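Quick notes on the structure that follows.
The values are calculated or read from the model by the stated rules, or taken from the named source; none is laboratory data. Please read all numbers here as calculations on a predicted model, not as lab measurements. Cβ atoms come from the backbone with ideal geometry, glycine included; neighbour counts cover every protein chain shown.
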Amino acid sequence: MALDPDTFAQLTDAIRRFVDERLRPLEGQVEEQHGVPTHIVAEMREMGLFGLSIPEEFGGLGLTMSEEVRVVLELGRTTPAFRSVFGTNVGIGSQALVMAGTPEQKAHWLPRIASGEIITSFALTEADAGSDSASVRTKAVRDGDDYLLSGTKRYITNADKASLFTVMARTGESGSRGVSAFLVPADLPGLTIGSPERKMGQQGANVCDVNFDNVRVPAANRLGAEGEGFKIAMRVLDRGRLHISALCVGIAGRLIRDCTAYARDRKQFGQPIGDFQLVKAMLADSQTEMMAAKALVLSVAALKDEGAETPADAAAAKYFASEMVGRVADRAVQLYGGAGYISDYGIERLYRDVRLFRIYEGTSQVQQLIIANALLKGD
């Protein structure tokens, strides 16, 4: 159920102020120190940001998809590393539990996920299972009332902070029908976390390997029936792609505002660079593409709230928005010139940060396949 308009307006206003007054001044520090200060994380917990998408009955805000993407538009006004602190709790780390968990599983885990006491993470990707997510090799072998998990997951966001993983593991035949989903606490014997990877961008949002060496997981921790893991994962990614699409739009808006202000102030040949037609063209192209992506994201979010199945629509939103923000960031560096290439203005940081959006939650090429396959099937 949607929040009443006044309450939602208060929430978005509070998040906008938090971003502008508390987060943006710390962007350089997060980049240099590769981490978000603990006092900022505490403030995020107090604001309820860890529980944006968790149902109210479990202590969350229970936002609709349309409300969630509007909140994410505001979070896009700063470096995405801040959003990643709670992003897995809001999205891929919790939604399998929300969608497919038993009443007992939900009651046990969701209140602590919503409060931020527990950080969640989504463990699907492997060395040979990225875009081909149905080919996971991590195994879950039944042993009485437990499963024994063995294998390694790669590039797992928030793995070094997570208390709970949603793990996709093979319980049966090859292909998507042999994959099952499990809730795996991080403190189980045999589960170890690798060192954070050195990355191109989004410093402060760590990704690590997660290793399972005969980790004994209770069968009661399985989500859904055996063989339903891939279907659950795709439903989770369907929602997650809309979340990321909105983030792309928010960052594009931030870049456009920064570029517009710079074009007014920066002078060349005795006049502001914003007076030059080719600079105006870059601003106009960026604004038009951002508006188109925003309209697409809001439209698909509304469809999802109506109960429609939206895999191809969400793929289209993610494909267009992630490619769009890459173009906007590239134009921003060009418009700033030499200043855009150095770190003082933060443009080069956002340029690096947004490159990831065309890769995770499914590459642009995967989104193209989803869209085209839906068309060819007549969906």
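Of all residues in segment 356-369, those satisfying the criterion of being in contact with a helix residue (DSSP H, G or I) (Cβ under 7 Å, 6 or more places away or on another chain) and modelled with pLDDT of 95 or more are PHE357, ARG358, SER364, GLN367, GLN368. The residue that is surrounded by the most Cβ atoms within 10 Å (Cβ to Cβ), among those in segment 289-329 that are in contact with a Phe, Trp or Tyr (Cβ under 7 Å, 6 or more places away or on another chain) and either of a type outside the set (S, T, N, Q) or in the same structural domain as SER53 (by TED's automatic domain parsing) (or both), is VAL325.
Name the residues in segment 273-323 that are closer than 18 Å to ALA263 by Cβ, in contact with a helix residue (DSSP H, G or I) (Cβ under 9 Å, 6 or more places away or on another chain) and either assigned to a helix (DSSP H, G or I) or of a type in the set (Ser, Thr, Tyr) (or both), would you? Correct list: ILE273, GLY274, ASP275, VAL279, LYS280, MET282, LEU283, ASP285, SER286, GLN287, GLU289, MET290.
Evaluated against (1) of a type in the set (A, V, I, L, M); (2) over 21 Å from SER84 (Cβ atoms); (3) surrounded by fewer than 19 Cβ atoms within 10 Å (Cβ to Cβ), LEU335 falls short on exactly one condition, (3).
Residues in segment 353-379 that are closer than 21 Å to THR88 by Cβ and among the charged types (D, E, K, R) were compared, and the one that is surrounded by the fewest Cβ atoms within 10 Å (Cβ to Cβ) is ARG355.
Filtered by the rule that a residue be part of a strand (DSSP E or B) and out of contact with any Ser or Thr (no Cβ under 8 Å at 6 or more places or on another chain), segment 165-194 gives LEU191, THR192, ILE193. Each residue in segment 109-138 was checked for being in contact with a strand residue (DSSP E or B) (Cβ under 7 Å, 6 or more places away or on another chain) and either within 24 Å of SER174 (Cα to Cα) or part of a loop (DSSP other than H, G, I, E, B) (or both), and 12 pass. Per the conditions (1) among the hydrophobic types (A, V, I, L, M, F, W, C); (2) in contact with a Leu (Cβ under 8 Å, 6 or more places away or on another chain); (3) at pLDDT 95 or above, the sole criterion not satisfied by ALA107 is (2).
Just to be sure, is ARG266 modelled with pLDDT of 95 or more and among the basic types (Lys, Arg)?
Details: modelled with pLDDT of 95 or more: yes; among the basic types (Lys, Arg): yes.
Criteria met by ARG266.
Here is the figure for segment 76-108: residues that are touching a Lys or Arg at 6+ places or on another chain (Cβ under 9 Å), over 18 Å from THR38 (Cα atoms) and not in a loop (DSSP other than H, G, I, E, B) total 7.
SER176 satisfies every condition listed in (1) crowded, with 23+ Cβ neighbours inside 10 Å; (2) free of Cβ contacts under 8 Å to residues at least 60 places away in the same chain; (3) hydroxyl-bearing (Ser, Thr, Tyr) except (1).
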